Structures are given as structure tokens and as C-alpha cells.
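J.: Have a look at this one.
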């Protein structure tokens, strides 16, 4: 049985940022995107990344930085692992101001992560949230092995237990199960996100990143 993290998630947030910014020849302005279109843009960016045909840096960065200095309107949010092999903006071929990224070892849902993603959804207007697990995740692997770890590293292990219960000794299955479980915890643990999902204003899904091939596969 899944259990959401502790309550007390979010206080009031500041007013939304100003007008949106979109780069040429990419997805339309954020306010025009549907949740499905936002997810499609992420996957299209991943295809460009895989093929070595990235376009995110084609835009003049001086202009981009100036236009986003006082505002942000990301069209999607991604919760990923902190692993250095998972450069989220690169993976989805996006640049400054286009995706709202939260990173934590094992891409686990905590009150702080929920608060951050709620801000992205309710204040910034993200249309899709992707919980991104990845191949050979060291956090899930360590929890599976159950070895002693220095400091507070082992405090992460409890988040992975539901996935380990499902996957046994299969690491890839455990990583994928964890991404799906964390995605469900977000939908259940956030009244803000749940309400937006119910109104078809946002889509929350789990995905898996193959660090060797560079591809992202949706799991839900």
C-alpha cells in the first residue's frame, strides 16, 4: 500500500511570473499547450538529443537570458535523480526557462519536492510533470543491496521499499517501479496537482531514461 509523505506541503506562493517566452520553431507559447502537447514536446526534444540534432542552443543566449531575467514560464516540469549522468535539459533538448527541474537522489517524492512541483504547476503553469527514473540508479541499487552507508545516505532507502517489494532482485524493474510509485505518490499526495489532473490541465507520468542510449521511455 502506498503512503504519501508527511503533510504540511505548501504555504501561499507569490503571484505568477509575467509573459511567456518561446524559442523559434519549437512548441507554441505555454498557455497554448495542452498537457499532451507539452509531453509530446519533451519527447520530441529527446529524439533530437538521441540523434545529435539538438536545437536548444541555436537561440542567442544573451537574448534568452535577458528575456527570462524577470520571468519564467516553463511548459513542463521534471523530477529526476541527482545523478550526474542525467542532465535533464540536455536529455529533452530544452534551454533556459523552458522546463522546471527538481532533482533528488532516486527521484523520490518528499514534502519539499511536492511543494516545488506545486509551485511549478499552480504558479508557473507547467502542463506536464515527468518523474524520470534512469538506468543503473545508484540510490535504488544501494537500497537493494542494503549495505551500510555513511551519514544520512541510508535515509533514502525507505522510499524505495515499495518498488523493491515489487521487483525483487531485478534492478531495472525496481527503478521503473519506483518511478511509477513516485508518480502516483505525487498525484495522491498533492491536492493541487490532483485537482489540475482532474480538470485535465496537467498530466503526470513516469518515464525511464537509458543512460547508454539516451532514450526516454514513458512508463504510464
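J.: Being in a loop (DSSP other than H, G, I, E, B) and surrounded by 15 or more Cβ atoms within 10 Å (Cβ to Cβ), is that true of even one residue in the stretch 172-194?
T.: yes
J.: I would also like to ask the following. Could you please tell me which pairs satisfy a Cβ distance under 7 Å, a separation of 6+ or placement on different chains, a first residue in the stretch 205-220 that is at positive phi and without any contact (Cβ under 8 Å) to a residue 24 or more places away in the chain, and a second residue that is assigned to a strand (DSSP E or B) and surrounded by 19 or more Cβ atoms within 10 Å (Cβ to Cβ)?
T.: Partner pairs satisfying both residue conditions: none exist.
J.: Determine whether the stretch 32-43 contains at least one residue that is modelled with pLDDT of 90 or more, part of a loop (DSSP other than H, G, I, E, B), surrounded by 18 or more Cβ atoms within 10 Å (Cβ to Cβ) and under 12 Å from the mean Cα position of the chain (by Cα).
T.: No; the residues of the stretch 32-43 include none that is modelled with pLDDT of 90 or more, part of a loop (DSSP other than H, G, I, E, B), surrounded by 18 or more Cβ atoms within 10 Å (Cβ to Cβ) and under 12 Å from the mean Cα position of the chain (by Cα).
J.: Can you tell me which residue among 167, 212, 174, 179 is modelled with pLDDT of 95 or more and within 21 Å of residue 129 (Cβ to Cβ)?
T.: On the way: 167 fails: within 21 Å of residue 129 (Cβ to Cβ); 212 fails: within 21 Å of residue 129 (Cβ to Cβ); 174 fails: within 21 Å of residue 129 (Cβ to Cβ).
Of 167, 212, 174, 179, the one residue that is modelled with pLDDT of 95 or more and within 21 Å of residue 129 (Cβ to Cβ) is 179.
J.: If you don't mind, another one. Six or more apart or on different chains, Cβ atoms under 7 Å: show the pairs whose first residue is in the stretch 70-95 and at positive phi and whose second is assigned to a loop (DSSP other than H, G, I, E, B).
T.: If the second residue must be assigned to a loop (DSSP other than H, G, I, E, B), the pairs left are 93/54; 93/55.
J.: Would you point out which residue out of 48, 66, 3, 26 is out of contact with any strand residue (DSSP E or B) (no Cβ under 7 Å at 6 or more places or on another chain) and at pLDDT 95 or above?
T.: Exactly one of 48, 66, 3, 26 is out of contact with any strand residue (DSSP E or B) (no Cβ under 7 Å at 6 or more places or on another chain) and at pLDDT 95 or above, namely 48.
The values are calculated or read from the model by the stated rules, or taken from the named source; none is laboratory data. Note that the structure is predicted; figures quoted are calculated from it, not measured. Note: ideal-geometry Cβ built from the backbone for every residue, glycine included; neighbour counts use all protein chains shown.
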